[in-house]
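Take a look at the structure set out below.
The values are calculated or read from the model by the stated rules, or taken from the named source; none is laboratory data. Remember, it's a predicted structure, so these values are computed and weren't measured experimentally. All Cβ positions, even for glycine, are placed from backbone atoms using ideal geometry, and neighbour counts span all protein chains on display. Surface accessibility is based on the protein's heavy atoms, side chains included, excluding ligands, DNA and RNA. Shrake-Rupley method; radii C 1.70, N 1.55, O 1.52, S 1.80 Å.
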Amino acid sequence: MKILEATQKDSHVLAQMAAKIWDNENVDELEEEFTEILQSDEGTCFIAFVKEIPVGFANVELRHDYVEGTESSPVGYLEGIFVEENYRKQNIARNLVKSCEDWAKKMGCSEFASDCLLDNIQSLKFHLAIGFIEANRIICFKKDL
């Protein structure tokens, strides 16, 4: 498995995976969003590959507004993460988050945060397992970098 920072040419691959978790979005709209993220200095995406096949992604952005439970600005924010079902429980998601954290540190962040929906117990367990602490019952996460 290898993790690479995404480039503009990866926008469609990112959109295809993202459509599996954000089912209210279509691939074309997501591709436009990822293109904007990858053109920005305020965010990036990472893709996990197994034998040259993309199996997961994470996107991270800088948030300058208040983020639940944090005390600094900007805060690195895990905006989305996905790993194909057949590749889960192999530390791929953990490694994707680590890539996002490393990027946030390079961008001057001392804190990293995320969130999930209240009923997304799988995501809650994942966040807690990789070192986040719950910051509020609206289920926002943070951890020091």
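What the phi angles of the stretch 101-106 give under the Karplus curve with 6.51, -1.76 and 1.60, with θ = phi - 60°, is a coupling list of 4, 4, 4, 4, 4, 4 Hz, glycine and proline written as x. Annotation: amide H of Gly80 within the under-5 Å range of Asn59, sequence separation 5 or more or interchain, hydrogens built in the peptide plane.
Whole-Hz Karplus values for the stretch 83-96 come out as 9, 3, 3, 5, 10, 6, 6, 10, 6, 5, 4, 4, 5, 5 Hz, taken residue by residue from phi with 6.51 cos²θ - 1.76 cosθ + 1.60 and θ = phi - 60°; glycine and proline positions read x. Over the stretch 6-119, Cα pairs under 8 Å with separation of 6+ residues give a relative contact order of 21 percent.
Considering only Leu38, Trp22, His127, and ranking their Cα positions along the charge dipole of the chain that arises from unit charges at the beta-carbon of Lys, Arg, Asp and Glu, the one farthest toward the positive end is His127.
Listed by chain and number, the lysines whose alpha-carbon sits under 21 Å from that of Lys2, ignoring those within fewer than 8 places in the same chain, are Lys51, Lys89, Lys98, Lys105, Lys106.
One quarter of the surface of the convex hull around the alpha-carbon atoms of the chain equals 8.2 nm², the direction-averaged projected area.
If you stretched the chain out fully between Glu68 and Gln39, how much longer would it get, using 0.36 nm times the residue separation minus the C-alpha to C-alpha distance? It would help to have the intermediate numbers written out before the result.
Numbers: separation 29, 0.36 × 29 = 10.44 nm, distance 2.68 nm.
Net length gain for the segment: 7.8 nm.
Give me the percent of accessible area attributable to carbon and sulfur for the chain, probe 1.4 angstrom. C and S fraction of accessible area: 48 percent.
Geometric descriptor of the stretch 76-145, per residue, is 80 Å³ (volume of the convex hull of the Cα atoms). Every pair of different Cα atoms in the stretch 1-67 enters the Kirkwood calculation, which places the hydrodynamic radius at 12.3 Å.
Arrange the peptides 39-51, 93-105, 17-29 so that the one whose residues have, on average, the most other Cβ atoms within 10 Å appears first.
Packing order, densest peptide first, comes out as 93-105, 39-51, 17-29.
Using the 2.2 N^0.38 Å rule of thumb for compact globular proteins, work out how the stretch 33-95 stacks up: its C-alpha Rg over that value, please.
Rounded to two decimals, the normalised Rg is 1.29.
Surface exposure of the chain, expressed per residue as accessible area with a 1.4 Å probe, stands at 55 Å².
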